[in-house]
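S.K.: Take a look at the following structure, please.
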Amino acid sequence: MTSPSIKPINKSAIHKICAGQVILDLPSAVKELVENSLDAGSISIEVALKEYGEESFQVIDNGCGISPDNFKVLALKHHTSKLADFSDLQSVTTFGFRGEALSALCYLGDLTVETRTKSEQVATHLTFGRSGLLTEEKKTARQVGTTVTVKKLFSNLPVRSKEFHRNIRKEYGKLISLLNAYALTAKGVRLVCTNTTVNNKTSVVLKTQGSGSFKDNIITVFGMNTFNCLEPLSLVISDSCKVDGFLSKSGNGSGRNIGDRQYFFINGRPVDMPKVTKLVNELYRSANSKQYPIAIMNFIVPTNVYDVNVTPDKRKVFFSDEGSLMKSLKEALLKVYSPHLASFSVQGPE
Ligand code: ADP
Ligand code: MG
């Protein structure tokens, strides 16, 4: 065959290709909005779902709001206020930094934003088109903060849309579990999630008071009985790595694999840590046959030893020296799990 010529992909096709990678499903869509609210310094965040998110979802916050200077570029791909220079990636502490979420949501659903900063007397209601361009701007009433509404997610992608409607209850379940992760980690932030059904019945699905401690957040999310079955964990893995959290006490695990009660964080950022999950489960099961533990673990490490920019949804993380981290973690956990040291307990985080 003759060698075909290589041409650049046009901007609109790139947008379509990338949008579905940033927003995979309902949980990842809501996650991006909640993270934006946290990055905006909100201390109250409400997630309002209609029909479990199938019809629409809305994230309402009391953060810093968006300045009118930014309205036009707000939902453009790769536009962010959080990262100015590539070298900043080494020290990123905000949840977002890729400037992709709002742009992807414009392509995947109908996006509107209501926002007001403390320097504005009134709020502005913004409507965006599929490509992320601002199509309408009008004044409205609102307190300082931002409300982002997305209607008809995936209506633009027929295959994903079918899957979305078919799996809505499952996606909703995953979303609640994900919101629990933010309720556990976001200290001092009040987080509420409501769902309104077609017959206009609204129920509160999750409600936290925004306490300052991991312990209080666990009690709010899982209840006192569950908390009483946990023991605090405070491990020193190396000079630069500490792990704080809670694990099921020996003999207090669950008979089924409770993935929805195992939460891992790096410096408070909820992430997937499959190797750590496997290690924690294996060690617990070796000491407590056929049981899985509840595990809530926050790895406290310098920002330059890990990379969260691995996948667009930022759930996957690479560590610079994963081998020695896992080895030291195993040694530290063995001390906690060993049946001979079942009563071993260390001072946990407050
Ligand atoms: P990123 O979070 O990676 O910057 P996004 O597409 O999620 O990208 O958001 C683009 C920009 O819009 C953010 O950098 C921020 O400046 C602004 N923004 C989005 N949501 C909010 C919000 N709830 N409050 C204040 N600013 C927001
Ligand atoms: Mg973001």
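Values quoted throughout were computed directly from the atomic coordinates according to the rules given, and no laboratory measurement underlies them. In this text the structure is predicted, and so the values were computed from the model without any measurement. Heads up, the Cβs are rebuilt from the backbone with ideal geometry, glycines too, and the neighbour counts pull from every protein chain shown.
S.K.: Residues in segment 271-300 near a label at residue 338, defined as backbone nitrogen under 17 Å from the 7 Å Cα→Cβ point?
M.R.: From segment 271-300, the list is 283-288.
S.K.: Zone of residue 90 (label point 7 Å along Cα→Cβ, backbone N under 15 Å): which residues in segment 319-339?
M.R.: Counting backbone N atoms under 15 Å from the label point, the list is 320.
S.K.: I've got another one for you. Show the residues, 5+ positions off or on another chain, whose built amide H is closer than 5 Å to the amide H of residue 248.
M.R.: Amide H neighbours of residue 248: 231, 294.
S.K.: So, in Å, what gap is there between the alpha-carbon centers of segment 247-266 and segment 42-93?
M.R.: 31
S.K.: Any idea what Rg and Dmax come out to for the chain if you just take the C-alpha atoms, in Å?
M.R.: 21.7, 72
S.K.: Follow-up. For n ≥ 4 DSSP H runs only, could you compute -39500 (n - 2.57) per run for the chain, divide by its residues and tell me the 222 nm figure to the nearest 500? Can you show the working numbers first?
M.R.: Numbers: 9 runs with 105 residues, N = 350.
Computed mean residue ellipticity for the chain: -9000 deg cm²/dmol.
S.K.: Provide the per-residue ³J(HN,Hα) series for segment 18-27, in order, calculated from phi with Karplus coefficients 6.51, -1.76, 1.60 and θ = phi - 60°, each as a whole number of Hz, with x at glycine and proline positions.
M.R.: Calculated HN-Hα couplings, in order: 7, 4, x, 8, 6, 10, 8, 7, 4, x Hz.
S.K.: Follow-up question, since we're still on this one. Could you give the length gained by full extension between residue 122 and residue 236, i.e. 0.36 nm per residue of separation minus their alpha carbon distance, to one decimal place? Write down the numbers at each step before the final one.
M.R.: Numbers: separation 114, 0.36 × 114 = 41.04 nm, distance 4.99 nm.
Full extension of this stretch gives 36.0 nm more.
S.K.: Relative to the first principal axis of the alpha-carbon coordinates of the chain, what is the inclination of helix 322-337, with its axis defined by its Cα atoms, in degrees from 0 to 90 and to the nearest 10?
M.R.: Between helix and principal axis, roughly 50 degrees.
S.K.: Then there is this: Against the longest alpha carbon principal axis of the chain, how many degrees, from 0 to 90 and to the nearest 10, is the axis of helix 274-287 turned?
M.R.: 30
S.K.: How would segment 11-207 be classified by its alpha-carbon gyration tensor: rounded, prolate or oblate, with rounded meaning a/c under 1.5 and the a/b versus b/c comparison settling the rest? Could the numbers behind the result be given before it?
M.R.: Details: a/c = 1.28, a/b = 1.12, b/c = 1.15.
The shape class here is rounded.
S.K.: I'd like the Karplus ³J(HN,Hα) series for segment 69-84: coefficients 6.51, -1.76, 1.60, θ = phi - 60°, whole numbers in Hz, and an x wherever there's a Gly or Pro.
M.R.: 4, 9, 4, 5, 9, 3, 10, 7, 4, 6, 10, 9, 9, 9, 9, 9
S.K.: So, in nm, how far is label residue 1 from label residue 168 when the simple model puts each one 7 Å beyond its Cα toward the Cβ?
M.R.: 4.2
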